[in-house]
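Everything below concerns the one structure shown next.
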Amino acid sequence: MTACGSSDDAGGAAGGSTSGGGDDAITMGFAQVGAESGWRTANTASIQASAEEAGVELQFSDAQQKQANQIQALRSYIQQQVDVIAFSPVVETGWDTVLQEAKRAGIPVILTDRSIDSPDDTLYATFLGSDFVAEGEKAGEWLVEDSAGADQVNVVELQGTTGAAPAIDRKEGFESAIAGADNIEVVASQTGDFTRSGGRQVMEAFLQSQPDIDVVYAHNDDMGLGAIEAIEAAGMVPGEDIKIITVDAVKDGMQALADGKISFIVECNPLLGDQLMELADQVVAGEEVPKRVVVEETTFTQEEAAAALPDRQY
């Protein structure tokens, strides 16, 4: 889920700080994945606005989708002795060493949007984010229902960034949901890195290599929008010749759904800022917080997207 008014800082030291409070204000170091999608842009904007409103001193860095940049940013925050660190991990693994450093420094860590794969869950205070497996399941369940009674349904999958939690989980959830449908087959699956350009490039290759494609399952809207470009360039009609299922529900994706180019969208809500600031306040105060905080989300058909668009915040 990829998707942030992001700073262009390479993620070493903090990007520009957002100052909101007095001398006793909480200082948060936040290491963002990057600015790879409309979702991520909305996510960053939400965090920055909520920090300012809550009076949290925000030290922000953009990792440009590189784990090394995020680790460098986290070490910078530890050296600065911030009150709390929050970050959305680029990939699931490889965090134990730097998070041990934060733990030894007595700095609590909050995971946002994406979790980590570590045997030691004491390395972070809580994880605020979506249930990516459930998102994949919702996408697969819609396809099973939509394809009931149809002959062979060939699906190509545009995966998110290799090793990233949403890519792993959305694939797992989708495969689980379609497992009992003998008429549905994923004939090709490749990463588009959660970007529109990546989605277009991979879709162009799929159109060359796969003689018969019925459905595209894209792990986020941006890759789905890239697939639309490739399908149209090939002289076909997205939504008719090839159905498209995506995850996120950002404005561009919702507009494509309302226009009939995308067939179904599973929501992944990027507006985590207010909840993150509340959790930060609690963990800094030493209060107990749930280890897992799941964001409420829904799904959208064409009619539902058209109805939701006028009031859509992202």
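Observations on the model:
- Listed by first and then second residue, the pairs linking a residue in the stretch 254-273 that is among the polar types (S, T, N, Q) to a residue that is assigned to a loop (DSSP other than H, G, I, E, B) and surrounded by fewer than 23 Cβ atoms within 10 Å (Cβ to Cβ), with Cβ atoms under 8 Å apart and 6 or more places separating them unless they lie on different chains, are SER263/GLY239; ASN269/VAL295; ASN269/GLU296; ASN269/GLU297.
- Test for ALA227: is it touching a Gly at 6+ places or on another chain (Cβ under 7 Å) and over 26 Å from TYR124 (Cβ atoms): yes
- Restricting the first member to the stretch 162-186 and to residues that are under 26 Å from SER118 (Cα atoms) and open to solvent by 30 Å² or more (accessible area, probe 1.4 Å), and the second to residues that are of a type in the set (Gly, Ala, Ser) and not in a loop (DSSP other than H, G, I, E, B), the beta-carbon pairs closer than 8 Å and six or more apart or on different chains are ASP169/GLY136; LYS171/GLY136; LYS171/SER189; GLU172/GLY136; GLU175/GLY136; GLU175/GLY140; SER176/GLY136; SER176/GLY140.
- Residue match in the stretch 73-87 (condition: outside any helix (DSSP H, G or I), open to solvent by 30 Å² or more (accessible area, probe 1.4 Å) and within 12 Å of THR27 (Cβ to Cβ)): yes
- Single residue of GLY106, GLY149 found to be part of a loop (DSSP other than H, G, I, E, B), open to solvent by 50 Å² or more (accessible area, probe 1.4 Å) and modelled with pLDDT of 95 or more: GLY106
- Of all residues in the stretch 260-278, those being open to solvent by 10 Å² or more (accessible area, probe 1.4 Å) and over 30 Å from PRO238 (Cα atoms) number 4.
- Residues that are at pLDDT 95 or above and within 15 Å of the chain's Cα centre (by Cα) occur at least once in the stretch 229-247.
- Which numbered condition ALA68 misses (of (1) part of a helix (DSSP H, G or I); (2) hydrophobic (A, V, I, L, M, F, W, C); (3) crowded, with 22+ Cβ neighbours inside 10 Å): (3)
The values are calculated or read from the model by the stated rules, or taken from the named source; none is laboratory data. Predicted, not measured: the structure shown is a model, and the values here were computed from it. Ideal geometry is used to build each Cβ from the backbone, glycine not excepted, and the neighbour counts take in all protein chains shown. With ligands, DNA and RNA removed, areas are computed over all heavy atoms of the protein, side chains included. Shrake-Rupley method; radii C 1.70, N 1.55, O 1.52, S 1.80 Å.
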